[in-house]
Amino acid sequence: MDGSGFSVSDGSLKGRLAERLRELDLQITAERLRATPDEALIRRLSREKLLARDRVAALGGCAMPRWARDSPNP
């Protein structure tokens, strides 16, 4: 189990996403530590990390509830 509450070794989608989040964190950190970091690469990796976080949240039932998605009646 990792800090997010699910096992990475179980092969589940959540586990694979958690592993990918860790990989992206390491890649972003390594790129920022370079003498001349590639800002475009950092932006791309950061976007991918946000998408992975959103998927984990959606799979965990933290998605936006229907009442918040529906537009209010005029």
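Here are the numbers for this structure:
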read-out: Linear extension gain, residue 13 paired with residue 42, 0.36 nm per residue minus alpha-carbon span; value: 8.0 nm
read-out: Radius 15 Å from Cβ of residue 33, net charge of other residues (Lys, Arg +1; Asp, Glu -1); value: -2
read-out: Length released on extending from residue 30 to residue 54, taking residue separation times 0.36 nm less the Cα-Cα span; value: 6.3 nm
read-out: For peptides 34-41, 16-23, sequence by mean Cβ density within 10 Å, most packed first; value: 16-23, 34-41
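None of the figures in this text is laboratory data; all of them are computed from the coordinates on show. This is a predicted model, so every value here is computed, not measured. Quick reminder, even Gly has a Cβ in these numbers, built from the backbone with ideal geometry, and neighbours come from all protein chains shown.
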